[in-house]
Each structure stands twice: as C-alpha cells, then as structure tokens.
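What follows is a short report on a single structure.
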Amino acid sequence: MDLWSVHVKNTNLLLRNSICEKPFVSNWKVFEIRVPKRHTFYSSSGSGYHSLLVKAMGKKNSDNSNSSGKGPEEDSLKGSNPSSGNDSSKNTGAPKSHQKPLDWREFRASLYIQEQQAATAVSDTHKQEGTSFGPKALPLKWAHPISAPENGCVLVATEKLDGVRTFERTVVLLLRSGTRHPQEGPFGVVINRPLGKKIKHMKPTNLDLATTFADCSLHFGGPLEASMFLLRSGASSELPRFEEVIPGVCFGARNSLEEASALVNKGVLKPQDFRFFVGYAGWQLDQLREEIESGYWYVASCSSNLIFAGSQTSSSESLWGEILQLMGGQYSEVSRKPKQDI
C-alpha cells in the first residue's frame with residue numbers, strides 16, 4: 001500500500017481548501033502586537049487593545065508570482081535564511097556575541113513573559129520603579145496565547161471538542177494561516193497523534209520512503225486526504241523545496257521527497273529530523289475564525305522544541321496539557337479538568 005495514497009475519511013468539521021502562491025516578503029518587517037486590555041503593557045490608551053510596534057528580521061522569500069493553485073500534497077515552496085545584519089562590534093573592538101538573536105516570535109514571547117512576571121511581582125520594588133521591555137532570555141519551552149491565527153501557531157483543542165474523536169485534545173500546527181490570499185484556506189497537521197507504526201510497516205512503493213525513511217514513525221495529521229512531513233532544519237543554511245513555518249521547522253510534501261532523501265544521504269539532515277503525517281487538517285478562512293470564536297480552539301504561539309516533542313510522545317494528551325500549563329492562568333486550569341462526557 002502506498003503511504004502517499006492513503007485515503008483518510010473526511011468529516012463535516014473540516015473542508016478542503018485551495019493553496020495559492022507564496023507572496024514576496026521584504027527582508028525587514030514591522031509587526032504590530034495587539035495585546036488584550038487585561039494584559040496591557042502599561043498603556044493609557046482607552047481602546048480595547050494596546051499595540052506594540054516591533055521591528056524584527058523577517059524572511060526574504062523567492063519572488064515567485066506564479067500561482068500554483070495546488071493542494072498541500074503538491075505545493076511546496078522554497079525558504080531562505082535571514083540576511084545578515086551589520087556587525088556592531090566591527091569598528092568598536094568589542095568582542096563578538098555568539099548568542100543567537102531572537103526572531104520576532106521569540107521577541108514577542110519575551111515581552112509577554114516579562115509582562116506576566118511583572119504582573120505577579122508588583123511587590124518587588126525594583127519592578128515597581130521601572131520595567132524594561134527589551135528581550136530577555138526565554139525558557140527552553142514556552143507558550144502563550146495570541147489573539148489571531150498566524151503561520152506557525154498552534155490550535156489547542158478546548159473542552160468543547162471532548163467527544164469529537166478526530167480532534168479531542170489535539171494540538172494542530174498551522175502551516176499556513178490562510179490570510180495572505182482570499183482563496184487560501186488555513187491548513188496544518190495534528191502534532192500529538194502518533195500512530196505507533198513506522199513507514200516500512202505500510203510497505204510504501206516510493207523508493208525514498210522504503211529506504212531512507214523506512215524507520216521513521218508515522219503520525220495522524222488530520223482527516224483530509226494528503227500526506228506531508230515536517231523537518232527540523234537546525235543550522236542548515238538553505239533547504240530548497242521546503243517552506244519554513246517558524247525558524248528551525250519546515251514542511252514538505254510528496255514532490256519534495258527526493259530532495260529530502262538527498263539531504264539525508266549527504267549528511268545535512270538525519271532521518272530523526274523528520275516527522276511524517278498521514279492526512280492533514282484544513283478549513284475555509286471564515287470557518288476557522290468561527291470555530292475559534294465559538295470556543296473550539298485556543299490559539300497560541302510556542303517554542304519549536306514543543307512541536308517535535310509532541311510528535312515523539314506516546315501519550316496524545318501530554319503535549320496538549322503541557323502547552324496549556326505553559327500558557328498559564330485559565331488555560332492551566334483547563335489542562336487539569338477531566339474530559340467532558342458528551
């Protein structure tokens with residue numbers, strides 16, 4: 001049976017969507033972080049949200065204006081590394097720092113965690129006198145709620161999906177948020193549903209799957225028909241044919257299997273850097289928005305090591321609970337509640 005021909009039963013909850021071209025993105029971006037009033041960054045604004053403008057290094061994607069119109073099984077795009085910035089220590093004689101700079105998601109997480117710490121430590125005289133909003137060291141694992149879906153965020157199932165077997169206590173990594181083009185719907189993969197089987201058990205007809213990736217584990221990615229994989233890119237400079245979701249995590253599909261196998265054979269990557277998924281989850285843009293507003297999903301940003309940890313765990317609920325606990329507050333309380341009887 002060919003792994004890439006596996007048919008997964010569809011459900012009414014999700015709909016197939018079309019995938020559009022990848023737009024050009026400039027090298028530098030200005031991101032507006034909108035924080036609910038209960039998490040205000042000491043703003044005197046009377047609006048329901050408070051904004052922070054953060055200038056951060058973005059990804060420069062290839063300028064490709066051809067619309068593919070293909071689904072995720074056929075559509076895989078090229079990503080590249082950030083451009084190098086000026087070395088501030090070049091003319092000053094100061095020692096060069098080898099610390100990896102924060103990308104904008106990590107910068108935002110640093111601000112969020114700092115604000116939360118300040119809110120819970122108001123008795124600290126030093127924090128009362130003034131709070132710095134510069135980036136601080138992040139914990140190894142982190143997660144926090146965000147107001148709207150974005151590429152690379154996770155959708156965490158709420159109690160309302162208890163009893164819905166397909167998505168009960170799942171965590172979905174959103175590969176594309178569907179906001180760049182009106183015809184592009186959001187799609188992603190469930191990252192905490194290992195199937196307990198390896199690719200070789202499926203007797204794949206694809207040569208790369210049968211050899212290079214034979215011992216890789218399989219995971220349930222969603223109810224829609226198509227298979228794809230995640231890869232942990234690490235310090236690799238360029239990974240053609242793969243689209244970067246967040247720094248250090250890319251995804252590919254059937255048409256990029258040959259390139260993936262070549263990278264393993266060259267020693268650039270290892271088979272352990274890959275996670276293979278049978279099926280995927282997809283929505284129409286308005287459909288996902290309505291499900292979030294109806295309380296079926298929590299939307300969060302999290303560290304990349306949580307994404308790959310979720311693919312390895314033997315318990316599908318352990319990652320679900322861990323992310324909710326890291327999000328803190330009411331989310332942490334949800335992680336300790338028993339399943340609802342539906």
Hey, can you tell me all the residues within the range 193-217 that are over 19 Å from the mean Cα position of the chain (by Cα) and assigned to a strand (DSSP E or B)? Leu195, Gly196, Lys197, Lys198, Ser217
Residues in the range 186-207: is at least one closer than 11 Å to Phe274 by Cβ and among the aromatic types (Phe, Trp, Tyr)? no
Of the residues in the range 318-338, how many are charged (D, E, K, R) and over 16 Å from Glu168 (Cα atoms)? 1
Quick check on my filter: what residues within the range 115-152 are among the hydrophobic types (A, V, I, L, M, F, W, C) and at pLDDT below 75? Ala121, Val122, Phe133
For the range 140-192, what are the residues that are farther than 18 Å from Leu285 by Cβ, open to solvent by 10 Å² or more (accessible area, probe 1.4 Å), part of a loop (DSSP other than H, G, I, E, B) and out of contact with any helix residue (DSSP H, G or I) (no Cβ under 8 Å at 6 or more places or on another chain)? Gly163, Val164, Arg165, Thr166
When the range 203-219 is checked residue by residue, the ones that are open to solvent by 40 Å² or more (accessible area, probe 1.4 Å) and in contact with a strand residue (DSSP E or B) (Cβ under 9 Å, 6 or more places away or on another chain) are Asp215, Ser217
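The values are calculated or read from the model by the stated rules, or taken from the named source; none is laboratory data. Since this is a predicted model, take the numbers as computed values, not measurements. Don't worry about glycine lacking a Cβ; one is built from the backbone with ideal geometry, like all the others, and counts go over all protein chains shown. The area values use the complete protein model at the heavy-atom level, side chains included, leaving out ligands, DNA and RNA. Shrake-Rupley method; radii C 1.70, N 1.55, O 1.52, S 1.80 Å.
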